[in-house]
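Comments concern the structure below.
The values are calculated or read from the model by the stated rules, or taken from the named source; none is laboratory data. What you see is a predicted model, and the numbers here were worked out from it, not measured in a lab. Here the Cβ positions follow ideal geometry from the backbone for every residue, glycine too, while neighbour counts run over all protein chains shown. Just so you know, the surface numbers come from the protein's heavy atoms only, side chains and all, with ligands and any DNA or RNA stripped out. Shrake-Rupley method; radii C 1.70, N 1.55, O 1.52, S 1.80 Å.
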Amino acid sequence: MLAYHNLYDSWAWLGGHADGDPDLLAVALREVREESGAEARPVTPEIYSLEILTVDGHEKRGGYISSHLHLNATFLLEADPDLPIRPKPDENSRTAWFGLEEAIAASTEPWFQARVYSKLNAKLSGFPPEG
């Protein structure tokens, strides 16, 4: 599932800030619920992927946010695609389900397409790990 993020003008993964909450899995589940209405559950409780991402300076809610880094912890979650989902209008204008390759093509951020989403899809092709 992706959301069309107003800030980035692109389809992207769901997520948000932990704001000091040390339970990053709980944060991920909360953000999915807030941004899409979906009740997701973890496929595995471990962090699935970890990235340090640059964020360009931008306006948010009338104030300027300077360029900074995000430590991104990605979790592998699942939800029932037959249940309704909805956008969170102050953050995204649409939510939708995509196939793995469709998700890459839907993004308009080349760096994410090549470096993040493609990496996650490649990792999924070997999930669950044998052994």
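Report yes if Gly37 is over 19 Å from Lys119 (Cα atoms) and among the small types (Gly, Ala, Ser), otherwise no. It would help to see each step written out before you state the result.
Values: over 19 Å from Lys119 (Cα atoms): yes; among the small types (Gly, Ala, Ser): yes.
Taking the combined requirement at face value, the residue satisfies it.
Consider Ala105 carefully, then state whether it is over 19 Å from Ala3 (Cα atoms), part of a helix (DSSP H, G or I) and open to solvent by 30 Å² or more (accessible area, probe 1.4 Å). So that I can check it myself, show each step before the final result.
Details: over 19 Å from Ala3 (Cα atoms): no; part of a helix (DSSP H, G or I): yes; open to solvent by 30 Å² or more (accessible area, probe 1.4 Å): yes.
No, not satisfied.
Looking only at residues that are touching a strand residue (DSSP E or B) at 6+ places or on another chain (Cβ under 9 Å) and open to solvent by 30 Å² or more (accessible area, probe 1.4 Å) in the range 38-55, which one is nearest to Asp23 (Cα to Cα)?
Once the filter is applied, the top-ranked residue is Ile47.
Working only within the range 56-76, note down all residues that are open to solvent by less than 50 Å² (accessible area, probe 1.4 Å) and either part of a loop (DSSP other than H, G, I, E, B) or over 17 Å from His17 (Cα atoms) (or both).
Selection gives Gly57, Gly63, Phe75, Leu76.
Residues that are surrounded by 12 or more Cβ atoms within 10 Å (Cβ to Cβ), over 26 Å from Glu102 (Cβ atoms), modelled with pLDDT under 95 and not hydroxyl-bearing (Ser, Thr, Tyr): does the range 17-24 have at least one?
Within the range 17-24, one or more residues are surrounded by 12 or more Cβ atoms within 10 Å (Cβ to Cβ), over 26 Å from Glu102 (Cβ atoms), modelled with pLDDT under 95 and not hydroxyl-bearing (Ser, Thr, Tyr).
Under 8 Å by Cβ, and 6 or more places apart or on different chains, what pairs join a residue from the range 24-45 that is farther than 20 Å from Asp82 by Cα with one that is assigned to a helix (DSSP H, G or I)?
Pro45/Leu25
Residue check, Thr95 against (1) β-branched (Val, Ile, Thr); (2) touching a residue at least 60 places away in the same chain (Cβ under 8 Å); (3) out of contact with any strand residue (DSSP E or B) (no Cβ under 8 Å at 6 or more places or on another chain), all met but one. Which one?
(3) is the only condition that Thr95 fails.
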